[in-house]
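Trainee: Please read through the structure below; I'll follow up with questions.
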Amino acid sequence: MARTLSRHTNIALIALMAVGAALVFYAMRGPGGVGGTGITDGPGGIGGTGIFGRIDGFGSIWVNGREIHYDDDLPLTYRGDAVGTENFALGQVVAIVADKTNDDWRARAARIVEEAIGPIEVTADGASVTVLKQKILFTEETIYANGARETITPGSMIAVSGFRTPEGAILATRIEPVGPKAELFVRGPVANLSGSSFSIYGLNVHYEGLSLSEGGIVAVKGATVDAQFTAQEVRKDGAFEGYSIDDISYQGVVDVSSRDSDLRVGEFSTDAFLSTAAVGAGRAPRLVVLEGRLDQSRITVDINGDQPVFEPQNF
């Protein structure tokens, strides 16, 4: 059973969440304020439009400013299992392949994406909340499912949905409590690859089998034994892993530290910005929505009439 926060730690955690919300608050647009990347309907499938982002509304689902219709038997994957559409929830990040007929969007396939599942830890100085070494950023838009906000204590198990900042923190869009026996899970880029180990933003992972590459996005299920995180399952898990898409609607956090002609947004590079001045070089992260074409790991934006090439959003 999770232990109760001490008065000092409780105050520190509440203060941290409040400060985090003030520092990283972002504005949301009606239905479809936060978006992401895209996929098609199956490995090697014929290209389509990929949409990956936060669920902001229902009556169909609203993702990245689009109302997307779906059938009850929509192929939907969640935590590695095929599930029903009743598992959709506000604040989740979803990857959807959809077709457009006239002005109507209809999903062909979808998956629910999470960044981390594990126990809450608070750093000794009370400055950060982490899950499996992954720093969590709370905002005024973070959704706490099933009373998660009231039950957050060190050691409590939670699932975190959200978007990565360039530094690797997770901008949390949904926090959901999970059972104490839930599988530990983390998703992110491979770093420090050496022999049978690598790291994901400070979490050292020991594994065997799969051939990996530096910077590749992976999803890892594992267990902690003698303070060592050992992978039980590792799979490649880039936003478009195993799929082929044509058009893309992608939202991610801009890395203004880029020095090339292209800037990085989330997992991809893009020609959308002529300079860092276009998105600002301040310390606060910024989300942008990109509409365009995907060529391997680069997004070429479309200019369609008066439609903006990108739409920056502070948070």
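Trainee: Considering only the range 205-253, state which residues are among the hydrophobic types (A, V, I, L, M, F, W, C), surrounded by fewer than 16 Cβ atoms within 10 Å (Cβ to Cβ) and on the phi < 0 side of the Ramachandran plot.
Mentor: If the condition is that a residue be among the hydrophobic types (A, V, I, L, M, F, W, C), surrounded by fewer than 16 Cβ atoms within 10 Å (Cβ to Cβ) and on the phi < 0 side of the Ramachandran plot, then 210, 212, 223, 225 are the ones that fit.
Trainee: Given the structure, is residue 183 out of contact with any strand residue (DSSP E or B) (no Cβ under 8 Å at 6 or more places or on another chain), among the acidic types (Asp, Glu), in contact (Cβ under 8 Å) with a residue 40 or more places away in the chain and surrounded by fewer than 18 Cβ atoms within 10 Å (Cβ to Cβ)?
Mentor: So residue 183 does not fit the description; no.
Trainee: Please go through (1) in contact (Cβ under 8 Å) with a residue 40 or more places away in the chain; (2) farther than 28 Å from residue 286 by Cα; (3) not hydrophobic (A, V, I, L, M, F, W, C) for residue 235 and return the number of the only condition it doesn't satisfy.
Mentor: Failed condition: (1).
Trainee: Among the residues of the range 106-157, which ones are of a type outside the set (A, V, I, L, M, F, W, C), buried (at least 21 other Cβ atoms within 10 Å of the Cβ) and over 20 Å from residue 89 (Cβ atoms)?
Mentor: Residue satisfying the conditions is 134 alone.
Trainee: Quick check, is residue 230 β-branched (Val, Ile, Thr) and touching a strand residue (DSSP E or B) at 6+ places or on another chain (Cβ under 6 Å)?
Mentor: So residue 230 passes the test.
Trainee: Are any residues in the range 193-222 in contact with a Pro (Cβ under 9 Å, 6 or more places away or on another chain) and outside any loop (DSSP other than H, G, I, E, B), and if so, which ones?
Mentor: Passing the criteria: 200, 217, 218.
Trainee: Give all pairs with beta carbons closer than 8 Å in which a residue from the range 285-306 that is modelled with pLDDT of 75 or more meets a residue that is among the polar types (S, T, N, Q) and part of a loop (DSSP other than H, G, I, E, B); count only pairs at least 6 apart in sequence or on separate chains.
Mentor: 289/64; 291/304; 291/307
Trainee: Among the residues that make up the range 163-177, is at least one of them buried (at least 16 other Cβ atoms within 10 Å of the Cβ), hydroxyl-bearing (Ser, Thr, Tyr) and part of a strand (DSSP E or B)?
Mentor: So far as the range 163-177 goes, yes, one or more of its residues are buried (at least 16 other Cβ atoms within 10 Å of the Cβ), hydroxyl-bearing (Ser, Thr, Tyr) and part of a strand (DSSP E or B).
Trainee: Tell me, which residue of the range 88-137 that is without any contact (Cβ under 8 Å) to a residue 12 or more places away in the chain and part of a strand (DSSP E or B) is farthest from the chain's Cα centre (by Cα)?
Mentor: Result: 101.
The values are calculated or read from the model by the stated rules, or taken from the named source; none is laboratory data. None of the values given here were measured: they were computed from a predicted structure. So basically every Cβ, Gly included, is an ideal-geometry build from the backbone, and we count neighbours across all protein chains shown.
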